């Protein structure tokens, strides 16, 4: 073992040196095929890897050496140039594609059994008769329950080629019987629009979670539906939206901006610029627009906010955004993995870069920026937002805006500490609300069968008993002894919203939360009072 440890630094050193060779070839004027054609540099790297593989005194995973090398190179570039291993690429690509082929269920591995939380609306499972609470026991005769069954195996059995079929054996608890279903797999959307509904008689609301290939189409359908309901004003909620495809953000910004208005421009290391302008196809150019952002709104979200702010269109509401102004391009590496490399910076119409500072090779402070904002009081008071006067820009109508780290909103809304606190966020991330609510419903779903969505949203109240049961549930799962006295109302609201999501739809979830959301309520207030919109 001592001999093996002795040579590890040598192996890593050689690997890093070899990695420099790879780094020199990452030129995006070439295709991935050209990158891996025969040349002396590639031959040198191959000979080195083969030499280690065949002659080194200990067994070495040369694949892992290459992975470490690529990661080492990218870590010394910028925070957003990343290596995507083969095992992660399919999942990431699927998410950004905006759909996958499957049977359309949201499930929970309850007591080691795949249990349907809710079938996808209008999906193949719903059409076949699968219901919330159904336990899926067999898929094409293969058992998919029990402790030894992996998520990978379950996914492989339920997903497949489009129009292929899978035979499911299901136990329905409410009827205490075994049922058989044959379901044809179809394309299942991964929704980008979490909710779209009317906040007031003329103010519509759309919440988006990312910018995938299908996001513009989803947005367009939602917008047209709201306009049919009388929306002449729109609140576009981009809070916690990390971004996605730049082109999708450009299309959405185009909906609000008049013809030939500059949306953004990009500039690469050679100084080449590409400019994107609004076209004639915008359907909400005359409408009032409010963009909701926070410290987790990044990249494509900031493109939209910056384009509107710099063109004196609408009002940006919330807190300073993340500050990502770098553009990545993905390139396949030939073995199922890929690299996303930063190839340019983007600039808002006034010419400002909103990329926050970073140090090559040391990204710890970059990713800890949230805690810095929390520590300095920026999230609670707009006077604590740091600005750089050397990065001051002016919009056509004379409004002062700043570059150097995110979009500063026109109307500041402090963080709601009663709702946005670490304990509640932890419980949400762990999925405790969703799983607890499922188990509550699973006791007797007939209790809610005659309750309408409208009555539930406006009249249903979460009892003290339910809150106590949730507290006991969390303590049992986490091995803790916490109480919810300090944020009892917030826990009730999240339980109610989660109940609504599982009983009805995502819209009802957001409607319940937004009734007490201070940023949404601020938009409702200013949409009727802001002097810019008075006639």
Segment 317-359: number of residues that are more than 26 Å from residue 84 (Cα to Cα) and assigned to a strand (DSSP E or B): 3
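For (1) out of contact with any strand residue (DSSP E or B) (no Cβ under 9 Å at 6 or more places or on another chain); (2) within 25 Å of residue 190 (Cβ to Cβ), each residue gets a yes or a no:
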{"position": "217", "(1), (2)": "yes, yes"}
{"position": "225", "(1), (2)": "no, yes"}
{"position": "230", "(1), (2)": "no, no"}
{"position": "238", "(1), (2)": "no, yes"}
{"position": "246", "(1), (2)": "no, yes"}
{"position": "257", "(1), (2)": "no, no"}
{"position": "270", "(1), (2)": "yes, no"}
{"position": "301", "(1), (2)": "no, yes"}
{"position": "324", "(1), (2)": "yes, yes"}
Hits in segment 414-424 - residues which are buried (at least 17 other Cβ atoms within 10 Å of the Cβ) and not in a helix (DSSP H, G or I): 415, 419
Any hit, segment 451-474, residues being surrounded by 15 or more Cβ atoms within 10 Å (Cβ to Cβ), over 30 Å from residue 303 (Cβ atoms) and modelled with pLDDT under 90: no
Any hit, segment 188-208, residues being crowded, with 17+ Cβ neighbours inside 10 Å, over 30 Å from residue 287 (Cα atoms) and touching a strand residue (DSSP E or B) at 6+ places or on another chain (Cβ under 7 Å): yes
Among the candidates 351, 318, 323, 334, residue that is at pLDDT below 95 and assigned by TED's automatic domain parsing to the domain that holds residue 270: 334
Single residue of 477, 496 found to be in the same structural domain as residue 430 (by TED's automatic domain parsing), surrounded by 20 or more Cβ atoms within 10 Å (Cβ to Cβ) and either over 23 Å from the mean Cα position of the chain (by Cα) or part of a loop (DSSP other than H, G, I, E, B) (or both): 496
Boolean, residue 73 is buried (at least 16 other Cβ atoms within 10 Å of the Cβ) and either at pLDDT 85 or above or assigned to a helix (DSSP H, G or I) (or both): yes
Output for segment 76-87, where each listed residue is surrounded by 14 or more Cβ atoms within 10 Å (Cβ to Cβ) and either free of Cβ contacts under 8 Å to residues at least 60 places away in the same chain or not in a loop (DSSP other than H, G, I, E, B) (or both): 82, 83, 84
Lone unmet requirement of (1) modelled with pLDDT of 95 or more; (2) crowded, with 18+ Cβ neighbours inside 10 Å for residue 427: (1)
Unmet requirement for residue 331, which otherwise passes all of (1) farther than 14 Å from residue 348 by Cβ; (2) surrounded by 24 or more Cβ atoms within 10 Å (Cβ to Cβ): (2)
Strands (runs of 3 or more DSSP E) lying entirely in segment 102-185 (those with 2 or more residues that are surrounded by 13 or more Cβ atoms within 10 Å (Cβ to Cβ) and touching a helix residue (DSSP H, G or I) at 6+ places or on another chain (Cβ under 6 Å)): 105-110, 113-119, 177-184
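Let's see how each residue does on (1) assigned by TED's automatic domain parsing to the domain that holds residue 481; (2) outside any loop (DSSP other than H, G, I, E, B); (3) more than 21 Å from the chain's Cα centre (by Cα); (4) more than 30 Å from residue 485 (Cβ to Cβ):
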residue: 373; (1), (2), (3), (4): no, yes, yes, no
residue: 383; (1), (2), (3), (4): no, yes, yes, yes
residue: 390; (1), (2), (3), (4): no, yes, yes, yes
residue: 427; (1), (2), (3), (4): yes, yes, no, no
Subset of segment 295-316 (residues that are more than 24 Å from residue 82 (Cα to Cα) and outside any helix (DSSP H, G or I)): 311, 312, 313, 314, 315, 316
Search result, residues across segment 211-242 that are closer than 23 Å to residue 519 by Cα, without any contact (Cβ under 8 Å) to a residue 40 or more places away in the chain and part of a helix (DSSP H, G or I): 219, 222, 226
Which listed residue, of 470, 438, is touching a strand residue (DSSP E or B) at 6+ places or on another chain (Cβ under 8 Å) and in contact (Cβ under 8 Å) with a residue 24 or more places away in the chain: 438
Residue check, residue 90 part of a loop (DSSP other than H, G, I, E, B) and either assigned by TED's automatic domain parsing to the domain that holds residue 449 or under 27 Å from residue 243 (Cα atoms) (or both): no
Positions within segment 243-283 being assigned to a loop (DSSP other than H, G, I, E, B) and crowded, with 19+ Cβ neighbours inside 10 Å, in sequence order: 243, 255, 256, 257, 261, 278, 282
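The values are calculated or read from the model by the stated rules, or taken from the named source; none is laboratory data. Quick caveat, the model's predicted, so the values are computed rather than measured. Here the Cβ is made from the backbone with ideal geometry for all residues, glycine too, and neighbour counts use every protein chain on show.
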